[in-house]
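Each value in this text was obtained by applying a stated rule to the coordinates, not by laboratory testing. In this text the structure is predicted, and so the values were computed from the model without any measurement. Cβ coordinates were reconstructed from backbone atoms using ideal geometry, including for glycine residues, and neighbour counts include every protein chain displayed.
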């Protein structure tokens, strides 16, 4: 699992150079969240050198899911039989999304939703805070109402609501703002390729850029809640 497409491409080029004289039926599983085209090109490199099969299998579930082996894998394949035994060591849900690159397509669309709901959740909870509500009680209300989301229930942005969330650890050891921004930009780029105008994408990207410029790039993305309070 690597940060960007250029890193994935570089690593696999070195792997191919090292083993290309030994054709085999190896299985390569890449869980990086990168652009679809780079993943497809890397798969073609593996195939053209007769080195086996390359599968894109990005994940969702965050650091909590990784620690508990409950990650969700979105796999660019129509048949999970080959990859599922390996993925079961890290996850609990597996989806065959279709052809090569389809796993990444699903991940980018999912993370576009996450990027927006993360902002909305931070703003909603900060609004409740400024209006004087009991935030523990408000959290119960949200998570049994229509405002419920992964960002409110699993990764709540308010310190102390849940001891296991990054917000209760000074927003450390979570999904970093810079990574969320990167995934959002990848989703926007993917939308551009299919000529889809995303109504909120650009504005959301500006929010994450602002948080990065505030020196919070490595903090968990839920730190937007604290940023709003500190900027008031």
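The overall shape of segment 118-163, judged from the alpha-carbon gyration tensor, is rounded, with an a/c ratio under 1.5.
What is the chain by shape, rounded, prolate or oblate, if you read a ≥ b ≥ c off the alpha carbon gyration tensor as root eigenvalues and call it rounded for a/c under 1.5, prolate for a/b larger than b/c, and oblate otherwise? Taking the square roots of the gyration eigenvalues as a ≥ b ≥ c, the chain is prolate. Most mobile of 103, 215, 160 per a Gaussian network model of the chain (Cα springs, under 10 Å)? Sorting by GNM fluctuation, first place goes to 215. Given their separation in residues at 0.36 nm each and the Cα-Cα distance between them, residue 14 and residue 130 gain 36.4 nm when the chain is fully extended. Any chance you could give the angle, 0 to 90 degrees and rounded to 10, that helix 177-193 forms with the longest Cα principal axis of the chain? That works out to roughly 60 degrees. Across all directions, the average flat footprint of the convex hull enclosing the Cα atoms of segment 1-88 is 5.8 nm². Across 132, 62, 98, mean-square fluctuation computed from a Gaussian network of the chain (C-alpha pairs under 10 Å connected) peaks at 132. Helix 102-130 axis versus longest C-alpha principal axis of the chain: approximately 10°, rounded to the nearest ten.
For the chain, a Gaussian network of Cα nodes joined below 10 Å ranks 206, 182, 137 by mean-square fluctuation, and the top entry is 137. For segment 105-230, the Cα gyration tensor yields ellipsoid semi-axes of 25, 16, 13 Å (square root of five times each eigenvalue, largest first, whole Å). Between residue 120 and residue 41, the modelled label-to-label distance comes to 3.5 nm, taking each label 7 Å out from Cα in the direction of the beta carbon. Summarising the label geometry, the points placed 7 Å from Cα in the beta-carbon direction at residue 21 and residue 141 lie 7.0 nm from one another.
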